[in-house]
Amino acid sequence: MDPALPAGAPALERVHFQDMTVDFGATRAVDNFSLAMLPGEIVGLLGHNGAGKSTVLNVATGAVAPTGGSFAVDGVEVPRGSSPRAFAELGVTVVHQEPALAKNLSVFDNLELGRSRKGGRDARRHTARAVLSKVGAGIDLDRPVSTLSLGQRQLVDLARGVMEGEIKVLLLDEPTAALGAQETAALHGLIREFAAAGTAVIYVSHRLPDILDVCTRIVVMSGGRQIIDRPAAGITARDLAQALAPGISKPELTDTSKDKTAIELPFGSSRIQARTGEVVGLFGMASGEQFSLLEDLYGVGRPMTGVLLDGEAYQPAKPLDALRRGIHYVPADRERDGLLPTVSAKMNVLLPWLSHMGAGWWVGGAGKGMYSGSRNELNVHGPTGEEPIAEFSGGNRQKHLLARWMFPKRPRLLLLAQPTQGVDFGAKVDIVRALRRLAAEGTTALVASAESDEIASMCDRSYVIYKDRLRELRGQKVSDENLLESLLSLAAGNEPDPTTVPFKDSDRKQLP
């Protein structure tokens, strides 16, 4: 057990998976998994997409019944086949990456869903306010959930668990995937408070710095099995990256920069530029201005003026205008804005291009070859292309959305909103390599993100954005530390850097 447990912690295990096995038909998703946790432990659960992490969480909430083994809370084994309600009554709470809330209802109505309503409405509202305050969410009870940010929805989801009673086991599935640095720090503070009160926390994330910041113990899964279980003290992000993807290093950025400016757009009192074959980052806060810029360029946001595309005026009124000019857009929310879950994987990739290619292309070998080539470019794993996209893991669904806009028809300008959000380290490397190959062929890319490591791993240059302020970083200066420092500096009101000299090939970052 973790030697850093709180002093005086009870010897009784708070949660115990014993020889857990889960089969889906002929596929073994979890294989003989065992994990015992004392009160106050925060376990970071890591692994590639499809490693079995989500299945473990689903077993712990009653969403999936195990094929073999047992699960116990405070020494009490939960009968196999128990309902999710039974798990919740035992003190198990889960916060999903996309909380399962009724968006058309108010915050208060969501907190009351599925609960017995004891006492008068005023008393219940008073309790609801107190619970929201406890989890750090100062949100109006009557506010529609549809108007909340992702971080606020996650806190409402957590508050629902608190209203059930004592949270003995807290399960977090990619809780910081769409959060900025300040929101992540606040969430981590809340997690530590729960742990100090005796809650056992299982934290699933692909963001290695977040895992190392808050977790006291690291468990890594591969192929449904547990391959690492050790205290977090002394483990580095590099150690974890190598454990998750041995032998994989950052790709070298090839020198594809040209003198020609591909896109130029006004921003505040400055201008943002990207040259042909260049990958340029737009880094800022979660839900920041960088994401709105991509929507504007794609014709789904605000009207734009003063934009030059290859030296010609560009003012899109709708996405079709952007597509006709060779501008493709990959949204951040693949499930809501990108993929069609019940449609085949192949159709999800090729659908926008069917009218351009003709019916014969689809039923013949050309469409099949195009889909197969897209899978190879992004190293997609999983079922065949004829299966629904919902059958693929999260990382491989993300690759399908990227494939749709990268390969059937090569873009002139590719707009990417957090393209590696929520994917494992190996999948991130696959995506970066595919993007660099596309850039080498002349595609220009703008990458909007709130994750500094995402920008640092794939971009030649980056603009740091805070409200109407702008700062530019180039080459080796595009690093986690410099991006975050620049963002904090802009937020503090420091003046942005003066306009820099024209971009040179020597500014390009060469990664090892």
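Of the residues that make up region 74-91, is at least one charged (D, E, K, R), free of Cβ contacts under 8 Å to residues at least 24 places away in the same chain and part of a helix (DSSP H, G or I)? Let's see the steps before the verdict.
Within region 74-91, the subset charged (D, E, K, R) is 74, 77, 80, 85, 89.
So of that shortlist, the ones also free of Cβ contacts under 8 Å to residues at least 24 places away in the same chain come out as 77, 80.
Keeping just the survivors that are part of a helix (DSSP H, G or I) gives none.
Scanning region 74-91, I find no residue that is charged (D, E, K, R), free of Cβ contacts under 8 Å to residues at least 24 places away in the same chain and part of a helix (DSSP H, G or I), so the answer is no.
Taking each residue of region 319-331 that is touching a residue at least 24 places away in the same chain (Cβ under 8 Å) and at positive phi and looking for partners that are among the aliphatic types (A, V, I, L, M) and not in a loop (DSSP other than H, G, I, E, B) with beta-carbon atoms closer than 9 Å, six or more apart or interchain, yields 326/309; 326/413. Of all the listed residues (313, 317), the sole one being surrounded by fewer than 22 Cβ atoms within 10 Å (Cβ to Cβ) and in contact with a Gly (Cβ under 7 Å, 6 or more places away or on another chain) is 317. Please go through region 369-388 and give me each residue that is in contact (Cβ under 8 Å) with a residue 40 or more places away in the chain and of a type outside the set (D, E, K, R), ordered by number. 378, 379, 381, 382, 385, 388, listed by residue number. Number of residues in region 144-158 that are within 12 Å of residue 110 (Cβ to Cβ), out of contact with any Ser or Thr (no Cβ under 9 Å at 6 or more places or on another chain) and not aliphatic (A, V, I, L, M) equals 3.
Checking residue 437 against (1) more than 26 Å from residue 270 (Cα to Cα); (2) free of Cβ contacts under 8 Å to residues at least 60 places away in the same chain: exactly one of these is not met. Which one? It fails just one condition, (2). When you scan region 117-139, how many residues do you find that are over 12 Å from residue 155 (Cα atoms), open to solvent by 60 Å² or more (accessible area, probe 1.4 Å) and outside any helix (DSSP H, G or I)? The total comes to 2.
Just one of the numbered conditions (1) at pLDDT 85 or above; (2) open to solvent by 30 Å² or more (accessible area, probe 1.4 Å) is not true of residue 460: (2).
Of all the criteria given as (1) under 23 Å from residue 86 (Cα atoms); (2) open to solvent by 20 Å² or more (accessible area, probe 1.4 Å); (3) in a helix (DSSP H, G or I), the one not satisfied by residue 157 is (2). The one condition from (1) under 28 Å from residue 197 (Cβ atoms); (2) not in a loop (DSSP other than H, G, I, E, B) that residue 97 does not meet is (2). Residue 391 satisfies every condition listed in (1) in contact (Cβ under 8 Å) with a residue 60 or more places away in the chain; (2) among the acidic types (Asp, Glu); (3) more than 25 Å from residue 298 (Cβ to Cβ) except (1).
Filtering region 219-235 to residues that are under 16 Å from residue 42 (Cα atoms), surrounded by fewer than 16 Cβ atoms within 10 Å (Cβ to Cβ) and free of Cβ contacts under 8 Å to residues at least 60 places away in the same chain leaves 230, 234.
Please go through region 171-226 and give me each residue that is part of a loop (DSSP other than H, G, I, E, B) and of a type in the set (A, V, I, L, M), ordered by number. Walk me through how you get there before you give the answer.
Here is the first cut: in region 171-226, the residues part of a loop (DSSP other than H, G, I, E, B) are 174-180, 197-199, 205-207, 215-216, 223-224.
Listed by number, the residues that qualify are 177, 178, 179, 197.
The values are calculated or read from the model by the stated rules, or taken from the named source; none is laboratory data. The shown structure was predicted, so the numbers you read here are calculated from the model rather than taken from an experiment. Note that we place each Cβ from the backbone using ideal geometry, even for glycine, and neighbour counts take in every protein chain shown. Surface accessibility is based on the protein's heavy atoms, side chains included, excluding ligands, DNA and RNA. Shrake-Rupley method; radii C 1.70, N 1.55, O 1.52, S 1.80 Å.
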